[in-house]
Amino acid sequence: MPMVSAADKIHNVVILGSGPAGLTAAIYTARATLEPLMIEGEADPTGDQPGGQLMLTTDIENFPGFPDGIEGPELMQRFRQQAECFGTTIVSGAAIKVDLSERPFSVWTAGLADSDMPIKSHSLIIATGAHALHLNVPGEERLIGHGVSTCATCDGFFFRDQNIAVVGGGDSALEEAIFLTHFARRVTVIHRRDEFRASRIMVERAAANEKISFLLRSRVLEVVGSTRVEGLKVENVRTGSESMLGVTGLFIAIGHEPNSGIFKGQLELDSNGYIITQPNSSRTNVHGVFACGDVQDRVYRQAVTAAGTGCMAALDAEHWIRENVE
């Protein structure tokens, strides 16, 4: 993989992040002869690995163009090959600091040659994504993609007629539980408190669903299974008693956190840290800086929508460069 000296040139566009949004932006800007440079690491230490969250996904059946499905890592490899085919330079490293106060913008990285010197760019496309919050219990990380999931829309289909669990107490958790009843035999919602944070209407809808049961005042201690989820070790937080819950799937719905830490104080963020973009646009509050994918999408968080906003960011960046740089 080529090593890029920070001082060798001022790039037309630098793309941060290499998930569906970033790689789609790379394909479009490369085809526009803008010679994009992609830094494939994430902006935060807690961010996902290069390739985004799909690198942790096994079978994908809802990405258009693959009627027989495709595995996440293979799909991202195809994205990557297409971006490189058109002339994208991809380097391994992590953006650890940016200066958006003047142009060209400066990006400091870790893991690259001359990493003490900033990479300079006329424009910046931020596609650093978001990471799902995890329980951090034994077995969880090992079984991600093998029964443990953070996306009911992505993976619910694979749990037809099975007993599964959802952990969480907000609207998202109950929405996922209700959605999963279209596939599962039984859905158990695990929540460590007596009451849900979710809206009253969502609680009522879940309670009225005969396929949903609730395990309150409880937390997951361990995800049990060798190669697939076979059950959960659960503790009652009041009594300390432990029990086994027989499920073959675990959906974690305790929230997401955007990988936007290095942009605080420079870009406009919402109360949860998502980058705010202008309506029907990828433009941020800083001219020449564009955001796409899960770092600015708190609603859909799908690979196909991330790719769509990556296209938007590339077209917006191309238009901006033609007007302000060339």
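The values are calculated or read from the model by the stated rules, or taken from the named source; none is laboratory data. All figures in this text were calculated on a predicted structure; none of them were measured in a lab. With ideal geometry, Cβ positions are generated from the backbone for all residues, glycine too; neighbour counts draw on all protein chains shown.
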Tell me, yes or no, whether the stretch 158-166 has at least one residue that is of a type outside the set (Gly, Ala, Ser) and either in the same structural domain as residue 70 (by TED's automatic domain parsing) or without any contact (Cβ under 8 Å) to a residue 60 or more places away in the chain (or both). yes
Evaluate the stretch 204-212: report whether one residue or more is touching a residue at least 24 places away in the same chain (Cβ under 8 Å), surrounded by 15 or more Cβ atoms within 10 Å (Cβ to Cβ) and in a strand (DSSP E or B). yes
Tell me whether the stretch 287-295 contains one or more residues that are touching a strand residue (DSSP E or B) at 6+ places or on another chain (Cβ under 8 Å), under 24 Å from residue 175 (Cβ atoms) and part of a loop (DSSP other than H, G, I, E, B). no
Sort out which residues of the stretch 86-127 are of a type in the set (D, E, K, R) and at pLDDT 90 or above, and write them in order of number. 97, 99, 102, 103, 120
I need the full set of residues from the stretch 221-271 which are exposed (fewer than 12 other Cβ atoms within 10 Å of the Cβ) and among the basic types (Lys, Arg), in order please. 228, 238, 264
How many residues does the stretch 259-286 hold that are in contact (Cβ under 8 Å) with a residue 12 or more places away in the chain and part of a loop (DSSP other than H, G, I, E, B)? 15
Is it the case that some residue within the stretch 153-166 is outside any helix (DSSP H, G or I), under 29 Å from residue 275 (Cβ atoms) and at pLDDT 95 or above? yes
